[in-house]
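We did not get these values from a lab; they are worked out from the coordinates using the rules stated. Predicted, not measured: the structure shown is a model, and the values here were computed from it. Please note: Cβ atoms are built from the backbone with ideal geometry, for glycine as well, and neighbour counts cover all protein chains shown.
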Amino acid sequence: MVMFDPTYFLFILPGLALSLWASFKTRSAFKKYSKVRAATGLTGAQAASRLLQSAGISDVEIVRTHGHLSDHYNPVTKKLALSEPVYDQPSVAALGVACHEAGHAIQHAQKYAPLWLRSVLVPTANIGSSIGYIVMIAGLVMGSLGLFYIGAGLFSMVLLFQVVTLPVEFDASSRAKTLAFANGIVLDSEREGMAKVLNAAALTYVAAAVSTLLTLLYFLMRAGVLGGSRD
């Protein structure tokens, strides 16, 4: 069985280690700069509102959501959801996250192509993440290369979604860093802390893509597509 193959861990452990490290870095940076009060005294919600107004966007609703680091922008409903530690708090970390999400709303308003493509890929990525892995294993167990290819194709959609997500997230962070300072949301002395929070968060998306790529390469190797031996 695939799960008992020692080689599996050689492929999976690097991605897992990177993901854990990225998650640790993100939480550590957010925790550290959550304790640093922004000089402007603006909360995350107020910062996001100011950034949207400066971009001429008036049809995006800023709402509070539960959870830790569950912040997101939904281009379908045009709702910018900020978690409680971000929505209500006037910290450097809160401003960074809020401005990042506002950056997504600005991307949407300006018809930023990668954001549109990511939205298009959501349904197939969801299917791939739900059954792609299972279908690949089933193909290997049953000795059906055709079934394996179907599973690999579905799982590849997850990787494609994650790859497209990278420029979307990096661009949103870049907009946040530039526009937050330009609009007086953060001072020059606070830009480094904001950047550390956003850069750590961006690393989690890189880790996710690397982990998915390594998993796909492992299964392709097991199927003999990359020169491995089929079981």
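Computed values, structure above
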{"item": "Cβ-Cβ under 8 Å pairs, at least 6 apart or on other chains, the stretch 116-140 side farther than 16 Å from L213 by Cα and in contact (Cβ under 8 Å) with a residue 60 or more places away in the chain, far side small (G, A, S) and surrounded by fewer than 17 Cβ atoms within 10 Å (Cβ to Cβ)", "result": "G139/G146"}
{"item": "Tabulated pairs, the stretch 61-77, first on the phi > 0 side of the Ramachandran plot, second assigned to a loop (DSSP other than H, G, I, E, B) and among the aromatic types (F, W, Y), C-beta under 8 angstrom, 6+ apart or interchain", "result": "none"}
{"item": "Hits in the stretch 78-124 (condition: surrounded by fewer than 20 Cβ atoms within 10 Å (Cβ to Cβ), in contact with a strand residue (DSSP E or B) (Cβ under 7 Å, 6 or more places away or on another chain) and more than 20 Å from G56 (Cα to Cα))", "result": "E84, P90"}
{"item": "Exclusive hit being aliphatic (A, V, I, L, M) and surrounded by fewer than 17 Cβ atoms within 10 Å (Cβ to Cβ), set A39, A45, A55, A22", "result": "A39"}
{"item": "Residue match in the stretch 42-62 (condition: basic (K, R) and within 17 Å of V186 (Cβ to Cβ))", "result": "yes"}
